[in-house]
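Please treat every number below as a calculation from the coordinates, not as lab data. Note that the coordinates shown come from a computational prediction; the quantities given were computed from them, not determined experimentally. We place every Cβ from the backbone using ideal geometry, glycine too, and count neighbours over all the protein chains shown.
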Amino acid sequence: MAEVVTMPKLGFDMREGTLVKWLKREGEAVNKGEVIAEIETDKATVEVEAYASGVIKGLFAREGDVLPIGEPIAVIGAPDEKVDLEALKRSAKGEEAQAPAVAAPTAPGATRPDGRALPEAPPAEALPTEIKASPVARRLASEHGVDLHQVTGTGPGGRITRRDIEAYLAQPRPAPAPAPAPAPVPEAVRPPAFGEERPLSRIRQLIARRMVDAKQAPHFYVTIEVDMAGAMKLRQDANALLDDAHKLSVNDLIVKAAALALREFPRLNASFAGDKIIIHPEINIGIAVALEDGLITVVIRNADQKSLSQIAAESKEIIARTREGKNRPEDFEGITFTTSNLGMYDVDSFIAIINPPNAAILATGAVKEVPVVVDGEVRVGTRMKATISVDHRVSDGAEAARFLQAFKRILEQPLRLAV
């Protein structure tokens with residue numbers, strides 16, 4: 001049976017994606033899991049894999065098209081299978097097999113059954129016409145004051161895409177009439193000079209929108225200090241036995257400890273949903289990855305069930321894909337709790353903004369040798385600070401503090417990470 005490939009949803013706030021490149025063409029054979037296309041989102045360029053083995057029966061989108069999530073982009077079927085492409089496309093989009101009938105305009109002088117006159121339909125030229133444009137194109141047009149009626153769409157059915165707006169903006173414009181010279185501004189009230197202005201990149205625009213949304217949640221913060229001497233010794237001993245692909249980072253220890261602590265405090269592995277709290281059955285830990293122009297959060301699934309070496313290998317692989325811009329849809333999906341580690345930048349401690357729709361995020365600083373008091377004596381200790389940010393609609397300070405105690409206990413008794 002033919003399988004329809006659709007624009008994937010890569011995060012709860014994703015609305016659309018750009019089909020950048022087809023790697024397979026109509027009539028070509030594909031295997032399940034083979035990459036057939038690359039799409040671009042606000043986050044990254046992502047590879048789309050085939051849902052099933054077979055032959056590409058049809059492609060519904062062109063390179064450069066901006067499509068909403070769930071929009072059909074291709075059909076894969078058996079080599080000898082007869083496929084009704086239009087019917088499959090309508091079915092995938094949830095449309096009826098037949099287009100709804102359009103009511104005919106009311107004839108002048110027509111009457112209802114009770115004898116009252118029916119209103120006449122407006123002339124055809126008076127009927128409103130909807131401009132087909134992607135959400136990104138509409139937003140870009142609004143930002144630059146572009147009248148969409150002046151733009152020619154090159155997308156499917158004349159749909160206006162981001163590239164159409166950019167092409168329109170690139171066209172030369174007549175120079176505006178010179179404005180009258182403003183009155184001189186007294187030195188005391190003259191605004192300060194500003195530096196170079198740069199437009200926001202797509203990822204910075206996404207971060208801006210998401211952080212505004214995230215800060216609508218009432219955050220509270222709890223910090224704890226962890227003795228990392230035992231955990232660092234475990235890491236040193238383990239890395240002496242492991243190959244490079246499986247060597248442990250401090251962040252791998254943090255991810256595993258957070259996942260195990262979440263078993264005890266499932267309310268923090270949750271999402272707020274209006275009149276209810278959704279407790280997630282899986283513990284999927286998000287890792288914030290720093291890129292040149294922002295942050296992307298990728299996921300380690302079922303982190304509580306994986307060994308430290310598995311987490312290490314998976315983290316290295318997914319971070320490498322992220323920095324190369326070759327992510328897969330599953331790299332982003334299903335995050336239930338997020339960690340953010342700035343220890344590599346010599347940061348002592350910080351607080352992080354919750355990653356929607358998660359209920360909490362854990363921020364960790366550098367592992368440092370510091371003076372500590374033990375049995376009344378000052379000694380050298382190995383310490384790390386951790387701060388949890390929590391949505392107060394989901395949990396309270398006491399529960400967050402108990403979670404941090406569990407997190408601390410696991411790292412200070414590091415054999416808990418290995419058993």
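Rounded to the nearest 0.05, the FRET efficiency derived from the C-beta distance between ARG139 and VAL380 at R0 = 60 Å is 0.65.
With both labels modelled 7 Å from their Cα along Cα-to-Cβ, the LYS132 to ASP213 distance reads 2.7 nm. Each DSSP beta bridge with both residues in the range 231-370 is either parallel or antiparallel, and the antiparallel ones are about 60%.
When the trypsin sites (Lys or Arg not before Pro) in the range 333-410 are filtered for DSSP coil states and for at most 15 other beta-carbon atoms within 10 Å of their beta-carbon, the remaining sites are ARG393. Applying 1/(1 + (r/R0)^6) with R0 = 45 Å to the Cβ-Cβ distance of ASP80 and LYS316 gives a FRET efficiency near 0.55.
Structure note, pairs LYS24/LYS247; LYS9/LYS57; LYS24/LYS132; LYS132/LYS276: Cα-Cα distances above 32 angstrom occur for LYS24/LYS247; LYS132/LYS276. Distance between the pseudo-spin-label points of VAL372 and ASP237 (7 Å out from Cα toward the beta carbon): 1.8 nm.
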